[in-house]
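Values in this text are rule-based calculations from the coordinates and carry no lab data. Everything numeric here is computed off the predicted structure, so don't read it as measured data. In this analysis, Cβ positions are derived from the backbone assuming ideal geometry, glycine residues included, and neighbour counts consider all displayed protein chains.
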Amino acid sequence: MRTNWFVVIRVLDQWWIDNEGEAYGPFTSREAACSASSRIAQMFGDTERRSLVFWPGEDGKPRLMFDGV
């Protein structure tokens with residue numbers, strides 16, 4: 001099964017959700033972007049592919065936080 005990735009990233013002190021080159025945001029905080037990311041994956045994800053959402057952990061490394069079909 002192919003996968004549709006959503007990744008929360010920080011760019012120039014703003015938080016964004018990247019979905020394969022399409023950006024959602026900016027968000028005012030990491031928490032706001034993380035909170036919105038799984039909803040955006042459910043609403044705008046590809047119905048033919050599994051959606052994965054990654055957030056940066058406290059150490060800055062990406063962590064899988066949502067896995068939906």
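I need the phi-derived Karplus couplings for the range 8-17: 6.51 cos²θ - 1.76 cosθ + 1.60, θ = phi - 60°, integer Hz, Gly and Pro marked x.
Per-residue couplings from phi come out as 7, 9, 10, 9, 6, 6, 10, 9, 9, 10 Hz.
Lys and Arg at +1, Asp and Glu at -1: add these up for the other residues within a Cβ distance under 14 Å of G60 and post the number.
Local net charge: +2.
Name all residues of the range 50-69 having a backbone nitrogen under 13 Å from the label point set 7 Å from the Cα of R2 along its Cα→Cβ direction, giving them as ranges.
Output list for this probe position: 50-51.
Can you give the local net charge around E20? Use residues other than it whose beta-carbon is closer than 15 angstrom to its beta-carbon, Lys and Arg +1, Asp and Glu -1.
Spelling it out: positives minus negatives among the neighbours equals -1.
So for the chain: antiparallel DSSP bridges make up what percent, rounded to the nearest 5?
Taking every DSSP beta bridge with both residues in the chain, the antiparallel ones total about 75 percent.
Over the chain, what is the relative contact order in percent, taking alpha-carbon pairs closer than 8 angstrom and at least six residues apart?
32 percent
For helix 30-44, report the angle its Cα long axis makes with the longest principal axis of the Cα atoms of the chain; keep it between 0 and 90° and round to the nearest 10°.
Orientation of helix 30-44: about 20 degrees from the principal axis.
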